[in-house]
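To keep things clear, I will list the structure first and then write my remarks on it.
The values are calculated or read from the model by the stated rules, or taken from the named source; none is laboratory data. Please read these numbers as outputs of a predicted model, since none were measured by experiment. Don't worry about glycine lacking a Cβ; one is built from the backbone with ideal geometry, like all the others, and counts go over all protein chains shown. Remember, those area values only see protein heavy atoms, side chains included, never the ligands or the DNA or RNA. Shrake-Rupley method; radii C 1.70, N 1.55, O 1.52, S 1.80 Å.
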Amino acid sequence: MRRTRHMKKLMWRWRSNPLRRRDDIIDAWIVLAVWTLVAVGGTVSGLVTARAAEDVFAQQRTERESVRAVLLFDVPDSVSGTGTTGERTTTTVVWTAPDGTTHTGRTLVDTGSRAGSTVTVWEDRRGRLTSRPPSPTAAAVEAGVLGTAAGTALAGAVAGAGAIARWRLEQRRLGMWGREWMSVGPRWGHRTG
């Protein structure tokens, strides 16, 4: 019995009654459309984004390869300024690509490294230095985060658009109520205030 009353209360917009206005029906359709788009659209956009991110990360893992490089200069034990990230700093390295060509470039290395020491760098198919591709686990986590963000963003945009549509509908209702009150109110005679 209690559950039936609760369902009737939730479904009041869909019940037929003489007091139901056209705007109530429009409001009900807006609510239904918003919740459907939030649930279905948010889920689909999240899954599509996560899948696309996983594909990009998998492609990065196939296109990038690690090579051994040699430091050209000593790196001080402590460095502050541009190109530093905590215990790492940017310096020049030289490496031989798998095709036998020699390349020079700048990459992040640990502070305190000496000239002539070897480090592992990552290069793309064109022989340019690039960042290390994410591991399958890190890629899965990042793809999940990106998918969740995309789904949440779509859901937020849809919910916001629905809230604006319902607010405008409510403003229209209040305007209609005000006009009706102005036409009926004077017929009641005595006004208070």
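Side notes on the structure shown:
- Computed extension length for residue 140-residue 128: 1.8 nm, one decimal, from 0.36 nm per residue of separation with the Cα-Cα distance subtracted.
- The helix-only estimate of mean residue ellipticity at 222 nm for the chain, built from DSSP H runs of length n ≥ 4 each weighted as -39500 (n - 2.57), is -17500 deg cm²/dmol after division by the residue total.
- Computed lengthening from residue 101 to residue 65, 0.36 nm per intervening residue step minus Cα-Cα distance: 11.4 nm
- The label point for residue 181 and the one for residue 5, both projected 7 Å from the Cα toward the Cβ, are 3.1 nm apart.
- Carbon + sulfur, % of accessible area of the chain - ligands and nucleic acids excluded, 1.4 Å: 60 percent
- Under the Debye formula (equal points on every Cα, no solvent term), log10 I(q)/I(0) of the chain at q = 0.10, 0.13, 0.14, 0.17 Å⁻¹: -0.70, -0.90, -0.97, -1.13
- With protein chains left intact and a 1.4 Å probe, residues in the stretch 62-179 average 63 Å² of accessible area per residue.
- Cα long-axis angle, helix 42-63 against the chain (0 to 90 degrees, to the nearest 10): 10 degrees
- Residue 58-residue 92 FRET efficiency (beta carbon distance; Förster radius 25 Å; 0.05 resolution): 0.20
- Angle between the chain longest axis and helix 136-184 axis [Cα atoms, degrees, rounded to 10]: 20 degrees
- In percent, rounded to a whole number, the relative contact order of the chain is 27, using alpha-carbon pairs under 8 Å and six or more apart.
- Label separation (residue 43 vs residue 171): 3.5 nm, computed from points 7 Å beyond Cα along the C-beta direction.
- Label-point separation in nm, residue 114 to residue 159, each point 7 Å along Cα→Cβ: 5.9 nm
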